[in-house]
Amino acid sequence: MSIIACGINHKTAALPLREQVTFSLDKLALYLSDLLSYDSIREAVILSTCNRSEVYCDSDDVEQLIDWFCLQHNLTRSQLEPALYIYRDEEAVAHIMQVACGLDSMILGESQILGQMKDAFSESCASGAVSGLFNRLFQQVFAVAKEVRSNTAIGACPVSVASTAVGLAKQLVPDFKQATALVIGAGDTVDLVIRHLKANAIQNIIVTNRSLANARTLAKKHDVNAMPFAGLADVLGTADIVISATSSASPIVTQKMMMDVMQHRENKSITIIDIAVPRDVEPAVAELAGVTLQCIDDLKNIIQHNLKGRQHAAEKAHDVVQQKSRDFIAWLASFDMVAVTIRKYRNQIEEMGRLELIKAAKQLERGDDPVQVLTSFAYAFTNKLLHSPSVQLRQAGFEGRLDILQFAQQLFAIPQSKSELI
């Protein structure tokens, strides 16, 4: 068994590369199936968010995993490897735990990543990509994330990409409370964006999405307006703030669209904050007069300012993660030792049985009584089976090692009489 964590994130890769290296949630089962077609990969979980794309697997061949990563995104090793990180065993377990706890996020301590990891794990389970090792690993990962949030201040005053985007809009837009806000998308992030807009007293909020039904569901939940996606250009013409977070593989707001929109706005400015990866808005939109365009990487300065009060909590959380990752690897090593011991003991017993069967077969060939042969076989096999344990137990008794004697009773499931329990 060898646990590997391999991927890129906001620390190692700029947004243009992160846009290329994504795993669509609706195709995750296909990615997992393809990954597990390699003999060297036994279990796998794929996590892909706006700030990271990572593969966790039980594998002995890192090079094959890197080749697979490159192949999925039509990238050469020279393009991908400078941004790629690879962790093994204890470091891999620690990394996965840090990610789940929000310690490796752009926004330190953000809680949304844990839900995303749970979704990724569930998808892997449903795809048959998880068995004993990763089931135990991720149950431990989720338990550590819960412990860190319960016992440290890492989750205090929760901050998210959604809340940071709204905070940035508040800084950039004059008369913020009187502004018209357009939110594009209908996922969890958009849900959070609307919550934070309403918490900041924005009255006029419009949500649009390719699925009008989903947009209407979200609009009803928050008592805001929903508009058909086909009317996106018209709504852009009336909005002061646009926050977009869809899962589209290509831009939905193009430079040409915005050129047409701006011609009808009569020089009225618009602020667009694109927090999707891949981006929802063509970067060239920023060249248009009157348009302020921000992407997810532009949120970093605000985020860094908010990190200062969390450093002590982060240090405490890192200590928890380091101890728990060591504990898991220690358990894994003991598990391997147990498996090896059981296998060796089984082989030893099977060899004893094989030798006694050879003797019994020879006795039957020369015409000995079958009942006597079977009786002799059972007696000889039992004596050989019990010889070594009996010697060790007598020695333990001679040395007064009651702990070994008690353990032997558990090991061999020997029932105790009532007199022994008194």
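Across region 18-67, what is the total count of residues that are in contact with a strand residue (DSSP E or B) (Cβ under 7 Å, 6 or more places away or on another chain), under 25 Å from ASP104 (Cα atoms) and not in a helix (DSSP H, G or I)?
Total satisfying the criteria: 17.
When you check ALA83 against the structure, is it at pLDDT 95 or above and more than 22 Å from LEU133 (Cα to Cα), yes or no?
Yes; evaluated as a whole, the condition is true for this residue.
I'd like the residue in region 29-55 that is over 17 Å from ARG18 (Cβ atoms) and β-branched (Val, Ile, Thr) and, out of all such residues, is modelled with the lowest pLDDT.
ILE41
So, of the residues in region 48-82 that are acidic (Asp, Glu) and touching a residue at least 24 places away in the same chain (Cβ under 8 Å), which turns out to be surrounded by the most Cβ atoms within 10 Å (Cβ to Cβ)? So that I can check it myself, show each step before the final result.
So in region 48-82, the residues acidic (Asp, Glu) come out as 54, 58, 60-61, 63, 67, 81.
Then keep just the ones that are touching a residue at least 24 places away in the same chain (Cβ under 8 Å); that gives 54, 58, 60.
Numbers: GLU54: 25, ASP58: 20, ASP60: 13.
The selected residue is GLU54.
Considering region 370-420 alone, what residues qualify as being basic (Lys, Arg), surrounded by 11 or more Cβ atoms within 10 Å (Cβ to Cβ) and farther than 24 Å from GLU350 by Cβ?
ARG401
Yes/no per residue for (1) assigned to a helix (DSSP H, G or I); (2) within 20 Å of ILE414 (Cβ to Cβ):
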{"position": "LEU332", "(1), (2)": "yes, no"}
{"position": "ARG354", "(1), (2)": "yes, no"}
{"position": "LEU357", "(1), (2)": "yes, no"}
{"position": "ALA360", "(1), (2)": "yes, no"}
{"position": "GLY367", "(1), (2)": "no, no"}
{"position": "VAL371", "(1), (2)": "yes, no"}
{"position": "LEU385", "(1), (2)": "yes, yes"}
{"position": "SER390", "(1), (2)": "yes, yes"}
{"position": "ASP403", "(1), (2)": "yes, yes"}
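Residues checked against (1) over 27 Å from GLN323 (Cβ atoms); (2) modelled with pLDDT under 95:
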site: PRO16; (1), (2): yes, yes
site: THR22; (1), (2): yes, yes
site: LEU25; (1), (2): yes, yes
site: CYS57; (1), (2): no, no
site: PHE69; (1), (2): yes, yes
site: VAL93; (1), (2): no, no
site: CYS101; (1), (2): no, yes
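For region 220-236, enumerate the residues that are of a type in the set (Gly, Ala, Ser) and in contact with an Asp or Glu (Cβ under 9 Å, 6 or more places away or on another chain).
Matches in region 220-236: ALA233 only.
Between GLY353, GLY367, which is at positive phi, out of contact with any strand residue (DSSP E or B) (no Cβ under 6 Å at 6 or more places or on another chain) and either exposed (fewer than 12 other Cβ atoms within 10 Å of the Cβ) or modelled with pLDDT of 80 or more (or both)?
Only one candidate qualifies: GLY367.
Look through region 230-253, keep the residues that are more than 33 Å from the chain's Cα centre (by Cα) and of a type outside the set (A, V, I, L, M), and return whichever of them is surrounded by the most Cβ atoms within 10 Å (Cβ to Cβ).
ASP240
Could you tell me which of the residues ASP89, ASP39, ASP34 is free of Cβ contacts under 8 Å to residues at least 24 places away in the same chain and more than 23 Å from ASP274 (Cα to Cα)?
On inspection, the qualifying residue turns out to be ASP39.
From the list LYS316, LYS256, LYS268, which one is in contact (Cβ under 8 Å) with a residue 40 or more places away in the chain and surrounded by fewer than 16 Cβ atoms within 10 Å (Cβ to Cβ)?
LYS316
Only residues in region 1-27 that are of a type in the set (Gly, Ala, Ser) count as the first member; pair them with residues that are part of a helix (DSSP H, G or I) and at pLDDT 95 or above, Cβ under 8 angstrom, at least 6 apart or cross-chain, and list the lot.
What qualifies is ALA5/GLU91; ALA5/ALA92; ALA5/HIS95; ALA5/ILE96; ALA13/ALA83.
Is one or more of the residues making up region 128-147 in contact with a Cys (Cβ under 8 Å, 6 or more places away or on another chain) and under 20 Å from HIS318 (Cα atoms)?
There is at least one residue in region 128-147 that is in contact with a Cys (Cβ under 8 Å, 6 or more places away or on another chain) and under 20 Å from HIS318 (Cα atoms).
Collect the residues in region 271-287 that are of a type outside the set (Gly, Ala, Ser) and buried (at least 16 other Cβ atoms within 10 Å of the Cβ), keeping them in residue-number order.
THR271, ILE272, ILE273, ASP274, ILE275, VAL277, PRO278, ARG279, ASP280, VAL281, GLU282, VAL285 - these are the residues of region 271-287 that are of a type outside the set (Gly, Ala, Ser) and buried (at least 16 other Cβ atoms within 10 Å of the Cβ).
Under the condition of being β-branched (Val, Ile, Thr) and over 30 Å from the mean Cα position of the chain (by Cα), which residue from region 181-209 is modelled with the lowest pLDDT? Full working, then the answer.
Step one: list which residues in region 181-209 are β-branched (Val, Ile, Thr), which gives 183-184, 189-190, 193-194, 202, 205-208.
When the remaining residues are screened for being over 30 Å from the mean Cα position of the chain (by Cα), the result is 202, 205-206.
Working: ILE202: 90, ILE205: 95, ILE206: 95.
Here the residue is ILE202.
The values are calculated or read from the model by the stated rules, or taken from the named source; none is laboratory data. Remember, predicted model here, so these are calculated numbers, not experimental data. Note that we place each Cβ from the backbone using ideal geometry, even for glycine, and neighbour counts take in every protein chain shown.
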